[in-house]
Amino acid sequence: MGFNKFVYDLLEWLWIVVSGFVLLAIYTGNAEPYVAASQLPGGDATLPNMYMFGTIALVSLGPPLLAKLRSRGKWSQIQDETSLTLEDGVFSGSIHGRPVRARTERRKVGGDSRSSNYATFTIVEADLEAPTAESMIFSVKSSDGGLAEFGENIPTETTVVDDEFVVLGEPSDTLASEILTARTRDALRAAEDDSVSIGAAEEHMADHMPDMSDSIVGGLFKGKFEDEFSKQFGGTPTTVAMNTKGRLGDPDELDRRAEAVAAVADAFEDARGA
């Protein structure tokens, strides 16, 4: 997630748009005298035909689709380079004795009653020794002062520690500071734009949101936010988790996220005297 993902998505979008317009310009004769329509399949026809649309679709959509298909295999290809072990599609291992796992899942991210859009998420999580009723989210502060995924417009009460880290779900900075050890801070910085959640964060966020029940618009906004929140953050009462949109293909990135959830889990239990 983060800047690299944004760049890749932007380049993919630019390829589709630019290549489509270039081919359309050739077929319509607007690229002459540099390139003639006759040089392309079906380019001699006076009217648009299946060759024209097929060529545009193949050149514009083919490379992005091929890249996505190839990226599906990266999940298994990185097993020789990561510190975790792959079995049945799930990476697992331990960091300083803390069990950690990494898996992927498809989630609904949009659509309506007629169609649905889905996206792949990578979930990296560490086990807690016992279930916790608490829920917190830690993140490096974004450029606009909020959680990396939502920015300053997140309608919840957050705590900023040392003007660098944002904590959601903990009203005082006492526990947050205890969890933000040197190891935890380094791990969060290395994880870049992703946040680490302790416990079942999405189940408890309503407790940290302002009351919006006095207006229909406010109620709808709260419902929309809770829906988006559940897509971005995972976690259960027995885990510390990090959710990344997309399938991770970089073993170093996977290891950094495993270290982040393990570090937060260790610090949380140390702070709570577990």
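One residue stands out in the stretch 149-169 among those that are modelled with pLDDT under 75 and part of a strand (DSSP E or B): the one that is surrounded by the fewest Cβ atoms within 10 Å (Cβ to Cβ), namely 151.
Quick check on the stretch 21-35. Is at least one of its residues aliphatic (A, V, I, L, M), within 30 Å of residue 187 (Cα to Cα), out of contact with any Cys (no Cβ under 7 Å at 6 or more places or on another chain) and at pLDDT 70 or above? Looking through the stretch 21-35, none of the residues is aliphatic (A, V, I, L, M), within 30 Å of residue 187 (Cα to Cα), out of contact with any Cys (no Cβ under 7 Å at 6 or more places or on another chain) and at pLDDT 70 or above.
The values are calculated or read from the model by the stated rules, or taken from the named source; none is laboratory data. If you're wondering where the values come from, they're calculated on a predicted model, not measured in any experiment. With ideal geometry, Cβ positions are generated from the backbone for all residues, glycine too; neighbour counts draw on all protein chains shown.
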